[in-house]
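For reference, the structure is listed below as structure tokens.
The values are calculated or read from the model by the stated rules, or taken from the named source; none is laboratory data. All figures in this text were calculated on a predicted structure; none of them were measured in a lab. Positions of Cβ are backbone-derived with ideal geometry, glycine not excepted, and every protein chain shown enters the neighbour counts.
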Amino acid sequence: MATQEQQQPTKVFKILGVAEWQAWQDSGSFRGASIDLTDGYIHLSTAAQSKETFEKYFAGQTGLVVAEVDLDKVADPVRWEASRGGALFPHVYGGIPRTAVARVFEEVNGELFDRLLAEQS
């Protein structure tokens with residue numbers, strides 16, 4: 001089971017390209033996009049952080065999906081570490097099994113992230 005700090009959400013999000021999502025499905029596990037592999041962990045965001053992540057790193061890109069990841073189904077270590085503005089972000093040190101993906105969203109836009117945030121409120 002994932003280790004995480006108290007009162008952190010167990011459902012978090014990964015924004016990735018369609019080809020990366022297809023590879024995740026095919027292999028059954030996700031080890032990370034190129035930025036994740038460079039940094040040594042898989043970058044994830046909470047519902048509250050996802051819209052800013054999308055706007056900062058994925059603005060104008062097409063062919064994206066958002067995977068909702070259930071951290072309770074991730075066996076590798078999950079660490080909540082300070083990033084933008086000192087906010088704690090979930091980072092997976094290892095891989096995420098396909099079975100940890102609760103939902104996948106193929107229409108990725110700002111409205112999606114507003115809806116995801118509203119669901120967790």
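Which one is nearest to the chain's Cα centre (by Cα) among residues in region 69-98 that are within 13 Å of Lys11 (Cα to Cα) and part of a helix (DSSP H, G or I)?
So the residue we want is Leu71.
Tally up the residues in region 36-51 that are surrounded by fewer than 20 Cβ atoms within 10 Å (Cβ to Cβ) and either touching a Lys or Arg at 6+ places or on another chain (Cβ under 7 Å) or aliphatic (A, V, I, L, M) (or both), please.
Here the count works out to 2.
Give the residue that is nearest to Val92 (Cα to Cα), with candidates limited to residues of region 22-60 that are in a loop (DSSP other than H, G, I, E, B), over 14 Å from the mean Cα position of the chain (by Cα) and in contact (Cβ under 8 Å) with a residue 12 or more places away in the chain.
Only one residue tops the list, namely Gly40.
If Ile15 passes every condition in (1) assigned to a helix (DSSP H, G or I); (2) in contact (Cβ under 8 Å) with a residue 40 or more places away in the chain; (3) of a type in the set (A, V, I, L, M, F, W, C) but one, which one does it miss?
(1)
Within the group Ala23, Ala19, Ala59, which residue is surrounded by fewer than 20 Cβ atoms within 10 Å (Cβ to Cβ) and at pLDDT below 95?
Answer to the check: Ala59.
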